[in-house]
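Let me begin by presenting the structure, written as structure tokens, before commenting on it.
The values are calculated or read from the model by the stated rules, or taken from the named source; none is laboratory data. Treat the numbers as computed from the prediction; the structure is a model and nothing was measured. Positions of Cβ are backbone-derived with ideal geometry, glycine not excepted, and every protein chain shown enters the neighbour counts.
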């Protein structure tokens, strides 16, 4: 890795973020999902532009190329993009009692296995901690689960989102931010 930089995303980044997400879903999910589940996963994953609007979505770049992205949220929504309205709830969380949400973590396939996700996750956890949250929660894909386990998250629920053969397996996970 050469120079990794991170910055908060702007609305001008949305199309590049969407392209990165599509590449990550199509390529990095292949070893974990069936051919029917990969296109179905697009219905439940993706960018929630509320994160960009809230200033809680990061872009990671290596030498100017978008290598990864991810965010955190102080809102109820646990996962899903703008198009996946079933899971969306914009109500604000209470840092004293609720877990911050880690959201929409993706690494471009060209930069996979280079600690991009770990750097973005650490920055998001730090921002959530600074906002007063003591716990973080996320909904992991099967390809993301090993990273989150390595970073101290534990599975609290396994779910299948969608129906039939195209239902996408996901894992709800949680971690303390105080230790």
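For residue 113, the test of being touching a strand residue (DSSP E or B) at 6+ places or on another chain (Cβ under 9 Å), at pLDDT below 95 and surrounded by fewer than 14 Cβ atoms within 10 Å (Cβ to Cβ) is passed.
Within the stretch 116-141, the only residue that satisfies the criterion of being surrounded by 23 or more Cβ atoms within 10 Å (Cβ to Cβ) and more than 15 Å from the chain's Cα centre (by Cα) is 133. Restricting the stretch 88-108 to residues that are without any contact (Cβ under 8 Å) to a residue 60 or more places away in the chain and closer than 23 Å to residue 40 by Cα leaves a set whose member that is surrounded by the most Cβ atoms within 10 Å (Cβ to Cβ) is 102. The residues in the stretch 153-179 that are touching a residue at least 24 places away in the same chain (Cβ under 8 Å), touching a strand residue (DSSP E or B) at 6+ places or on another chain (Cβ under 7 Å), assigned to a loop (DSSP other than H, G, I, E, B) and farther than 14 Å from residue 32 by Cβ can be counted, and the count is 2.
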